[in-house]
Amino acid sequence: MTVVRGAGPAVRLGLRENAVQFSLLVVVNAFVGAMVGMERSILPLLAEQEFHLAARSAILSFIVVFGITKAVTNYLAGRFVDRIGRKQILVAGWVVAAPVPFILMWAPTWTWVLIANALLGMSQGFTWSTTVIMKIDLVGPERRGFAMGLNEFAGYIAVAGAALATGWIAAREGLRPEPFYLGVVFVAFGLGLSFFLVRDTASHVALESAQQSGPAGVPPRDVFWRTTLTDRNLSTISQAGLVNNLNDGMAWGLFPLFFAAAGMSLERVAALTAIYPATWGIVQLGTGALSDGIGRKWLIATGMWTQAIGIVVIIVSERFSGFAAGAALLGIGTAMVYPTLLAAIGDVAMPVWRASAVGVYRFWRDLGYALGAVVAGVAADVLGLAGAMWVVAGMTFTSGLVTALRMSETRVPNVRPARR
């Protein structure tokens, strides 16, 4: 293991070598995920019942706003973490999140809910992107998939837990304001840990860069086009990420309405809404590590196909057990895809421009939220809820085919840091 010593403590790459900071970032990312989870089971119902929105496209407008602002902020975070500092961006993201729960508690009109979701999207772009980048910095190349599995596990278990908790509170106390009290707690802990305990990882980037040969830097415009279009692997990863979050945006907006229309109680809607991210979060612990051993490509392609099957199972089911099975399948497929895509970005991009590549990838991936909400909302108004879900299932299956045909394997086995 190569180390760098200077005035401060020695800098090492590796999960075990950076266990304390890595674990701290896992906890921080759990609070990041919980901020999204507090909306997950109740906001579509809030739109219908309290703000009396009838059109599905209008109900899903909060996801469009969230997706666009998160996508843009992801890109900016990737561009500027090297200039401003990882920790500074992370703290800024929590500051932006601070007003969100208060606005959701007391919003007098749907426009205020949209403003809250714009702030939430900005916060998620800064905080989640930065925790991803910092974990990649810490672990180096050897266990990148496992590290991303842990990161996404924490985030999406928290999404599920917060969705279940706010749904449970809403069933007993009402849709507002009590469920959003949790958001105040999430912000307080996330901001406090980030400000007082998290350390920047720029020195780890310098160490990994010194161990690898390659171009010293790539202009931001080139990174954008490589990740978007010209590099077959990076651009295929970006399209898979976009479609993954497209179906997640559909699930976020339509599943609560679909389950409620099938006669499920609010508590059952909350439970079903939580099964998908909970399964996703837990299974990622295995799939992230699995991708380090067997490679990235086929986990991504097969995961997209599994997602499509899960959506179909939900469509054709009529009872809680069928809905739960479909949600679990969707979660398993997403777990196969989500950490593997991030690890593959880390495989391809050089350390000195990796943060920018992650930012571009997350720009396209989270733009999928907005696209998914638009596609699902318009399709639901024209074809009904089930028809919209069929459209998204077809798009998801096609994305898996694109990955299978266009992407090559990015994982180089037995990668170990150079020794001295």
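For Ala71, work out the one condition from (1) touching a Leu at 6+ places or on another chain (Cβ under 7 Å); (2) more than 26 Å from Thr201 (Cα to Cα); (3) of a type in the set (A, V, I, L, M, F, W, C) it doesn't fulfil.
Every listed condition holds for Ala71 apart from (2).
Quick test for you: out of Ala30, Ala47, Ala58, Ala7, pick the one residue that is at pLDDT 90 or above, out of contact with any strand residue (DSSP E or B) (no Cβ under 9 Å at 6 or more places or on another chain) and either of a type outside the set (Val, Ile, Thr) or more than 28 Å from Ala271 (Cα to Cα) (or both).
Every option except Ala30 fails the conditions.
Can we say Arg79 is surrounded by fewer than 23 Cβ atoms within 10 Å (Cβ to Cβ), in contact with a helix residue (DSSP H, G or I) (Cβ under 8 Å, 6 or more places away or on another chain) and among the basic types (Lys, Arg)?
So Arg79 fits the description; yes.
Being surrounded by 24 or more Cβ atoms within 10 Å (Cβ to Cβ) and in contact (Cβ under 8 Å) with a residue 24 or more places away in the chain is true for just one of Val337, Val374, Val348. Which residue is that?
Going through Val337, Val374, Val348 in turn, just one is surrounded by 24 or more Cβ atoms within 10 Å (Cβ to Cβ) and in contact (Cβ under 8 Å) with a residue 24 or more places away in the chain: Val337.
Any residue in region 145-159 that's within 8 Å of Pro339 (Cβ to Cβ): show its pairings with residues that are surrounded by 24 or more Cβ atoms within 10 Å (Cβ to Cβ) and among the aliphatic types (A, V, I, L, M) at Cβ separation under 7 Å, as long as the two are six or more apart or on different chains.
Short answer, once both residue conditions are applied: Gly145/Ala343; Met148/Leu342; Met148/Ala343; Asn151/Val132.
Tell me which residues, restricted to region 171-201, are out of contact with any helix residue (DSSP H, G or I) (no Cβ under 7 Å at 6 or more places or on another chain) and more than 18 Å from Ala116 (Cα to Cα).
Once the filter is applied, which keeps residues that are out of contact with any helix residue (DSSP H, G or I) (no Cβ under 7 Å at 6 or more places or on another chain) and more than 18 Å from Ala116 (Cα to Cα), region 171-201 yields Arg172, Glu173, Gly174, Gly192, Phe196.
I'd like to check something: does region 305-318 contain any residue that is on the phi > 0 side of the Ramachandran plot and either touching an Asp or Glu at 6+ places or on another chain (Cβ under 8 Å) or in contact (Cβ under 8 Å) with a residue 60 or more places away in the chain (or both)?
Scanning region 305-318 turns up no residue that is on the phi > 0 side of the Ramachandran plot and either touching an Asp or Glu at 6+ places or on another chain (Cβ under 8 Å) or in contact (Cβ under 8 Å) with a residue 60 or more places away in the chain (or both).
When region 47-70 is examined, which residues are found to be surrounded by fewer than 18 Cβ atoms within 10 Å (Cβ to Cβ) and either under 12 Å from Gly249 (Cβ atoms) or among the aromatic types (Phe, Trp, Tyr) (or both)?
Passing the criteria: only Phe51.
Being of a type in the set (Ser, Thr, Tyr) and touching a strand residue (DSSP E or B) at 6+ places or on another chain (Cβ under 8 Å) is the filter here; which residues of region 178-206 pass it?
Listed by number, the list holds a single entry, Ser203.
So which residues in region 240-296 are more than 13 Å from Ala163 (Cα to Cα) and β-branched (Val, Ile, Thr)?
Within region 240-296, Val243, Thr279, Ile282, Val283, Thr287, Ile294 qualify.
The values are calculated or read from the model by the stated rules, or taken from the named source; none is laboratory data. Treat the numbers as computed from the prediction; the structure is a model and nothing was measured. Cβ sites come from the backbone with ideal geometry, for glycine too, and all protein chains shown count toward neighbours.
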